[in-house]
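**Student:** What follows is a single structure, and I will ask about it in a moment.
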Amino acid sequence: MSGPSDYQPTNSALKWIERRLPILGLMHSSFVAYPTPRNLNYWWTFGAILSMMLGVQILTGVILAMHYTPEATMAFKSVESIVRDVNYGWLLRNIHASGASMFFLAVYIHMFRGLYYGSYKEPREILWILGVIIYLLMMATGFMGYVLPWGQMSFWGATVITNLFSAVPYFGESIVTLLWGGYSVGNPTLNRFFSLHYLLPFVIAGVVVLHIWALHVAGQNNPAGVEAKTEKDTVPFTPYATIKDAFGVSCFMLFFAWFIFYMPNYLGDADNYIPANPGVTPAHIVPEWYYLPFYAILRSIPNKLAGVTAMFSAILVLAFLPWLDTAKTKSSKYRPLAKQFFWIFVIVCLLLGWLGGKPPEGIYVIAGRVLTFCYFAYFLILLPLLSRIERPRSIPNSIADDVLAKTGSRSTPMVSTAIALAVAGALFAGSAQNARAADHEEVPPSQKWSFSGPFGKFDRGSLQRGLKVYKEVCSACHGLSYIAFRNLADAGGPGYSVAQAAAFASDYKIKDGPNDQGEMFERPGRPADYFPSPFPNEQAARAANGGGLPPDLSLITKARSYERGFPKFVFDFFTQFQEQGPNYVDAILQGYEEKPPAGVSIPEGAYYNKYFPGHAIKMPKPLSDGQVTFDDGSPATVAQYSKDVTTFLMWTAEPHMEERKRLGMQVFVFLIIFTGLMYFTKKRVWADAH
């Protein structure tokens, strides 16, 4: 549809290039003169958003790969080193991790838009199939990337998902062994996934080029679902579509920046801040949110092979849509029944996603089976049936008529959609009530933290007091392996000078060597040294703690969390609440009780803590009033100790928090101004077209 270019450069050098390689003419015909339907709405800007996100993911991924170590014993630490020690490494990691979620969010909206407006129908079948291939490649790339941090959820997610291939008859075990590079998930698996995760984005980029090529051959679909016939139906891609896409992208960037700078862990899992441990299985293994609908389909079928087949079929069925839906009218805007069932299908997908994050038990299993049937029924029963029995409304003769007449229904939601919403709400409420009934754990109370909110900062006095509590109490059992003494003098930290940090380090004895005689020796600590572990190895730590392994506290406030539930989870996004970890740690330190409640038995060698899962904790009560004396006269109480040491541990988990929030505010001011300029520029440009 782009046609031959009539672009003629005026510069002699460009003329010389154009005669030999007409790339400028190709770009002009594809991105400047390309005729674009004038009735495109903002749902079409997600194509540009996806192009931007692919570029962002490739760029940040290449830079992160320069610092990442794909080795099982070093991968987790290398990711933390990127965040802590690489200049703006925390920003690159946040962009890449949150960018994966934004990429999938945009692609889902892009796909639902295509479903609603019939963008898979003739002559765009190849365009649609290429889109499905891109989606499959994205899912593979995202899964392999999720494994690379080598945290608990990464490791066990890889174990569960790769083990699904064992259901394939005859070749299943061989496929799993090939993926693992051995007989369990380990270092060869990590190397394979890293290589493929690095390679596949470039494959995606190649298929995207084919996708855009197919788009330019068949032409863009539009909300009316009618083809362009005259010049009145279209506008040049630049400046009209370009400026509209720029405004849409800038709005999306505001949403994206919210996650990068203020809610970087909102969509993540706290267990992934725990190094991978093959000997400890998480209580509830859950993939990333964008896989949850298919994970729910997998778990809804008790037979392993049937479940795996259903999961992959749920994706592959999309490729056959051009032949399942044979209705002549493309847009659901003019198909009343198709429109109602489309929104019901959207609700089904959302509920499947919600069920994918719930344990496979009770009503969740039953609901999963019902919704799985509804998912496949939409494609295999409803769409073919509607193609034959539905009587669509009349469509406009041209795109220009659609713009002038503003046809299409703007009525309130259809009755069936309202009924579906009510049923979904009832199912949601019933399931949530069932979940609450099974939940007897105390929820940690929310505390007021100086570092919460968009302008939150660490209380320097609290950080210094917390460091003292750690040194005098916690360091006897727990290490801080990701914190160097020099970090105590970093901006945004406890506020010590370089000299004070060096003096603090000198109080520690660091094992070093070997010396010239081949012997290990001890020396005073230096600022470049990291806080030493209280035990030489894991076995010694377990022996000294009754078989329990005291966790490293560097990331403890990010590695611990609790469910907030609905609707608090939604409100947390707007209020920027992300203090589950600090609340949990503070509650554990204050949650010890001498005598357990009636009917609760605690094993020998354990202690009752009302906030600890299961209530039986092996760590004895660590804090008591008067245990540590503060130089500034702060109260020597358990409540004060808990708050101060938790504040300090929040800093050890995220030492760049203040820088993140400060830069985030600057970025938001810039994006708001830029978005405003794009909006008024778009209005000025499109005033001529209308």
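**Student:** Identify all residues within region 536-567 that are within 26 Å of D512 (Cβ to Cβ) and open to solvent by 60 Å² or more (accessible area, probe 1.4 Å); write none if there are none.
**Tutor:** Those that are within 26 Å of D512 (Cβ to Cβ) and open to solvent by 60 Å² or more (accessible area, probe 1.4 Å): P536, N537, E538, Q539, R542, A543, A544, L549.
**Student:** If you check P264, P293, P302, which single one turns out to be over 19 Å from the mean Cα position of the chain (by Cα), open to solvent by 20 Å² or more (accessible area, probe 1.4 Å) and not small (G, A, S)?
**Tutor:** Answer to the selection: P302.
**Student:** Moving on. If I go through region 107-149 residue by residue, how many of them are over 24 Å from D245 (Cα atoms) and touching a His at 6+ places or on another chain (Cβ under 7 Å)?
**Tutor:** 4
**Student:** Next question, about the same structure. Tell me yes or no: at least one residue of region 84-100 is under 16 Å from H197 (Cα atoms), small (G, A, S) and either touching a Ser or Thr at 6+ places or on another chain (Cβ under 6 Å) or open to solvent by 30 Å² or more (accessible area, probe 1.4 Å) (or both).
**Tutor:** yes
**Student:** Any residue at all in region 669-685 that is open to solvent by less than 20 Å² (accessible area, probe 1.4 Å) and closer than 28 Å to A283 by Cα? First the steps, then the outcome.
**Tutor:** Looking only at region 669-685, we keep the residues that are open to solvent by less than 20 Å² (accessible area, probe 1.4 Å), and these are 671, 675.
Those left that are additionally closer than 28 Å to A283 by Cα: none.
No, region 669-685 has no match at all.
**Student:** Looking only at region 221-247, count every residue that is within 28 Å of E122 (Cβ to Cβ) and either open to solvent by 30 Å² or more (accessible area, probe 1.4 Å) or in a helix (DSSP H, G or I) (or both) and tell me the total.
**Tutor:** 13
**Student:** Quick check on my filter: what residues within region 310-329 are assigned to a helix (DSSP H, G or I) and either aromatic (F, W, Y) or at pLDDT below 95 (or both)?
**Tutor:** At the first step, the residues of region 310-329 found to be assigned to a helix (DSSP H, G or I) are 310-324.
F312, F320, W323 - these are the residues of region 310-329 that are assigned to a helix (DSSP H, G or I) and either aromatic (F, W, Y) or at pLDDT below 95 (or both).
**Student:** Given the conditions (1) assigned to a loop (DSSP other than H, G, I, E, B); (2) hydroxyl-bearing (S, T, Y); (3) in contact with a Ser or Thr (Cβ under 9 Å, 6 or more places away or on another chain); (4) open to solvent by less than 40 Å² (accessible area, probe 1.4 Å), which single one is not true for S533?
**Tutor:** Here S533 clears every test but (4).
**Student:** From A283, A319, A314, A310, which residue is open to solvent by 30 Å² or more (accessible area, probe 1.4 Å) and of a type in the set (G, A, S)?
**Tutor:** A283
**Student:** Let me ask something additional. Counting only residues that are under 21 Å from D552 (Cα atoms) and of a type in the set (D, E, K, R), how many does region 513-525 have?
**Tutor:** Residues flagged as under 21 Å from D552 (Cα atoms) and of a type in the set (D, E, K, R) within region 513-525 amount to 0.
**Student:** If you don't mind, another one. Which condition number in (1) open to solvent by 70 Å² or more (accessible area, probe 1.4 Å); (2) among the basic types (K, R); (3) modelled with pLDDT of 95 or more is the one that R465 fails?
**Tutor:** It fails just one condition, (1).
**Student:** Tally time: how many residues in region 26-73 are of a type in the set (S, T, N, Q), open to solvent by less than 30 Å² (accessible area, probe 1.4 Å), in a helix (DSSP H, G or I) and touching a residue at least 60 places away in the same chain (Cβ under 8 Å)?
**Tutor:** Selection size over region 26-73: 3.
**Student:** Could you grab me the full set of residues in region 483-516 that are assigned to a helix (DSSP H, G or I), within 22 Å of S462 (Cα to Cα) and without any contact (Cβ under 8 Å) to a residue 40 or more places away in the chain?
**Tutor:** L488, A489, V498, A499, Q500, A501, A502, A503, F504, A505
**Student:** Now, a different point. Quick check on M139: is it of a type in the set (A, V, I, L, M, F, W, C), surrounded by fewer than 21 Cβ atoms within 10 Å (Cβ to Cβ) and more than 30 Å from T329 (Cβ to Cβ)? So that I can check it myself, show each step before the final result.
**Tutor:** Numbers: of a type in the set (A, V, I, L, M, F, W, C): yes; surrounded by fewer than 21 Cβ atoms within 10 Å (Cβ to Cβ): yes; more than 30 Å from T329 (Cβ to Cβ): yes.
Yes; evaluated as a whole, the condition is true for this residue.
**Student:** What is the number of the single condition among (1) small (G, A, S); (2) modelled with pLDDT of 95 or more; (3) part of a loop (DSSP other than H, G, I, E, B) that G633 does not meet?
**Tutor:** So the condition that G633 fails would be (2).
**Student:** I'd like the residue in region 330-378 that is part of a loop (DSSP other than H, G, I, E, B) and touching a Phe, Trp or Tyr at 6+ places or on another chain (Cβ under 7 Å) and, out of all such residues, is least open to solvent (accessible area, probe 1.4 Å). Working first, answer last.
**Tutor:** Taking region 330-378 first, the residues part of a loop (DSSP other than H, G, I, E, B) are 330-331, 335, 357-362.
Checking the rest, the ones that are also touching a Phe, Trp or Tyr at 6+ places or on another chain (Cβ under 7 Å) come to 330-331, 358.
On the way: K330: 27, S331: 0, K358: 55 Å².
The extreme case among them is S331.
**Student:** Which condition number in (1) assigned to a helix (DSSP H, G or I); (2) among the acidic types (D, E); (3) open to solvent by 30 Å² or more (accessible area, probe 1.4 Å) is the one that E122 fails?
**Tutor:** (1)
**Student:** Looking only at region 144-194, how many residues end up being open to solvent by less than 40 Å² (accessible area, probe 1.4 Å), of a type outside the set (G, A, S) and in contact with a helix residue (DSSP H, G or I) (Cβ under 8 Å, 6 or more places away or on another chain)?
**Tutor:** The qualifying residues number 17.
**Student:** Which residue pairs have Cβ atoms closer than 8 Å, lie 6 or more positions apart in sequence or on different chains, and pair a first residue in region 587-615 that is open to solvent by 30 Å² or more (accessible area, probe 1.4 Å) with a second residue that is of a type in the set (D, E)?
**Tutor:** As it stands, the answer is K610/E442; K610/E593; Y611/E441; Y611/E442; P613/E441, since those pairs meet every condition given.
**Student:** Okay, moving on. Answer yes or no: is there a residue in region 371-388 that is among the β-branched types (V, I, T) and at pLDDT below 95. Before the answer, list the steps.
**Tutor:** Of region 371-388, the ones among the β-branched types (V, I, T) are 372, 381.
Then drop every residue that is not at pLDDT below 95, which leaves none.
Checking region 371-388: not a single residue is among the β-branched types (V, I, T) and at pLDDT below 95.
**Student:** Find the residue count for region 593-607, including only residues that are in a loop (DSSP other than H, G, I, E, B) and closer than 16 Å to K621 by Cβ.
**Tutor:** So the answer is 7.
**Student:** Of all residues being touching a Lys or Arg at 6+ places or on another chain (Cβ under 8 Å) and either free of Cβ contacts under 8 Å to residues at least 12 places away in the same chain or of a type in the set (V, I, T) (or both) in region 227-248, which is farthest from T329 (Cα to Cα)? Just the residue, please.
**Tutor:** Ranking the candidates gives I243 first.
**Student:** Would you mind telling me which numbered condition in (1) assigned to a helix (DSSP H, G or I); (2) open to solvent by 50 Å² or more (accessible area, probe 1.4 Å); (3) in contact with a strand residue (DSSP E or B) (Cβ under 7 Å, 6 or more places away or on another chain) V570 fails?
**Tutor:** Failing condition for V570: (3).
**Student:** Moving to a separate point now. Looking at region 510-523, which of the residues that are in contact with a Lys or Arg (Cβ under 7 Å, 6 or more places away or on another chain) and surrounded by 12 or more Cβ atoms within 10 Å (Cβ to Cβ) is nearest to A484 (Cα to Cα)?
**Tutor:** Step one: list which residues in region 510-523 are in contact with a Lys or Arg (Cβ under 7 Å, 6 or more places away or on another chain), which gives 510, 512, 520, 522.
With surrounded by 12 or more Cβ atoms within 10 Å (Cβ to Cβ) added as a condition, the list becomes 510, 512.
Numbers: I510: 12, D512: 16 Å.
Looking at residues that are in contact with a Lys or Arg (Cβ under 7 Å, 6 or more places away or on another chain) and surrounded by 12 or more Cβ atoms within 10 Å (Cβ to Cβ), I get I510.
The values are calculated or read from the model by the stated rules, or taken from the named source; none is laboratory data. Nothing here was measured: the structure is a model prediction, and the numbers come from that model. Reconstructed Cβ throughout: ideal geometry from the backbone, glycine too, with neighbour counts over all protein chains shown. Heavy atoms of the whole protein, side chains included, go into the accessibility calculation; ligands, DNA and RNA do not. Shrake-Rupley method; radii C 1.70, N 1.55, O 1.52, S 1.80 Å.
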